[in-house]
1. Take the conditions surrounded by 11 or more Cβ atoms within 10 Å (Cβ to Cβ) and touching a Leu at 6+ places or on another chain (Cβ under 8 Å) and apply them to SER62. Does it pass?
2. Could you list, ordered by first residue, the pairs with Cβ atoms under 9 Å in which the first is in the stretch 58-84 and in contact (Cβ under 8 Å) with a residue 24 or more places away in the chain and the second is surrounded by 11 or more Cβ atoms within 10 Å (Cβ to Cβ), at least 6 apart or interchain?
3. Quick check, is LEU43 assigned to a helix (DSSP H, G or I), modelled with pLDDT of 85 or more and loosely packed, with under 11 Cβ neighbours inside 10 Å?
4. How about the stretch 69-96: which of its residues are at pLDDT 85 or above, in a helix (DSSP H, G or I) and surrounded by fewer than 10 Cβ atoms within 10 Å (Cβ to Cβ)?
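The values are calculated or read from the model by the stated rules, or taken from the named source; none is laboratory data. Worth saying up front: this structure is predicted, and the values here are computed from it rather than measured. All Cβ positions, even for glycine, are placed from backbone atoms using ideal geometry, and neighbour counts span all protein chains on display.
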Amino acid sequence: MGELNLGCNLHVYDRLFKFVDTLQYQTVMVATIAELKNNLHRLIVETDNQSVLQYVEDIFKSMAAAKGDWWDELSEQDKSSVNRGLQQLNDGAVSRHDEVMDRVNALLASRG
C-alpha cells in the first residue's frame, strides 16, 4: 500500500502502531471474515482516538481508489511481455514443467 498523508506528526503514527500491536494481541484467532469484521467494528466503536479513526478511514479510501484494472498499472514493456507469452501459448510453443525438468536434469547429468 502506498504512503498515506494523514497530516499528523510522528507521535500519532507511534500511537497508531501501538494500537495495531494491541489489535494483533487481542485478536487471538479469527476464524471467519464475519468475526474479523465484528472485532474491527467493536474496536472502532470503542476508540475515541480521532487519529486512529482517520487512519482507518484513509486506508479504506486508499483501497477503494486502488481498485481498478491491474493491467493499467503495468508498463508497456510488461504488457508486451505478457502478450508475447500469451501468443506463444496460443501457438503451442510451450513445454510442460516435467519435460523441462527432465531436459535440465539430463543436461546436468551429462556435465557431471
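1. yes
2. Partner pairs satisfying both residue conditions: ASP58/LEU4; ASP58/LEU6; ILE59/LEU4; SER62/LEU4.
3. No: the conditions fail for LEU43.
4. Passing the criteria: GLU76, GLN77, ASN90.
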